[in-house]
Amino acid sequence: MNLTEMRARVREDLQDTDSENYRWTSDEVDGAIDRVVIEYSLHAPIQQQTDIATTEGDPEVDISTLTGIVKVESVEFPIGKSPRYMQHIEYWAGKLYMQDEGDGSNARVRWLKKHTITTSSTTIPAEHEEILVLGATGYLAMSASANTVDRAFIAGRYGTQSYKDWGIDRLKRYDFQLQEISHMSKLRTRNLYNVDD
């Protein structure tokens, strides 16, 4: 589902569908969605492989065209050796350095990318969308609990406690499912990078 659909799905779970009297602002809902997209990305990032030209005599690999980097997994340079020749690398402040200097040929960068969700598209797999809804609604419920503690609220302290309990339950289930996804993602990444071409 795209961002518009995700917003609607989150509001549906929160029973916050009256557009004339929303409990949560659109910015709050979008903020919660963005938070869970980032968290999901840390557990199950998108695997990427990009060949980038090196510079003669320079150990830096220019990764400025790679957007949404979560982590650089490896750099193969030079490409085509058997077994593959993997560089010791340092990734710091958005810059990537190899142990060896470049020679003008390509280095193969394997990296992990953050997921995105926009009003027209998403990279979140359909089977994981409800996990993000679970997390976003949990965070929003917890924020509502905190915001109603010292305010006049129609349900009084029971409303505050209900938000808190519901939010805690959802966040526990969200965290458990993220851990399962993380485990499977690490296995896939390990298998991908340990198998020779």
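The values are calculated or read from the model by the stated rules, or taken from the named source; none is laboratory data. What you see is a predicted model, and the numbers here were worked out from it, not measured in a lab. Cβ placement follows ideal geometry from the backbone for every residue including glycine, while neighbour counts extend to all protein chains displayed.
At-a-glance table
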item	result
Residue in the stretch 110-127 that is in contact (Cβ under 8 Å) with a residue 24 or more places away in the chain, over 21 Å from the mean Cα position of the chain (by Cα) and assigned to a loop (DSSP other than H, G, I, E, B) present	no
Criterion: of a type in the set (D, E, K, R), surrounded by 14 or more Cβ atoms within 10 Å (Cβ to Cβ) and not assigned by TED's automatic domain parsing to the domain that holds Pro125 - qualifying residue of Glu56, Glu76, Glu28	Glu76
Among (1) assigned to a helix (DSSP H, G or I); (2) closer than 26 Å to Gln48 by Cα; (3) at pLDDT below 95, the one test that Gly159 misses	(2)
Matching residues in the stretch 71-91 - criterion: being out of contact with any helix residue (DSSP H, G or I) (no Cβ under 8 Å at 6 or more places or on another chain) and touching a residue at least 24 places away in the same chain (Cβ under 8 Å)	Lys71, Val72, Val75, Glu76, Phe77, Pro78, Ile79, Ser82, Pro83, Arg84
Residue that is at pLDDT 95 or above and of a type in the set (Lys, Arg), where the choices are Lys71, Lys172	Lys172
Residue count, the stretch 1-16 (criterion: part of a loop (DSSP other than H, G, I, E, B), at pLDDT below 95 and surrounded by 12 or more Cβ atoms within 10 Å (Cβ to Cβ))	2
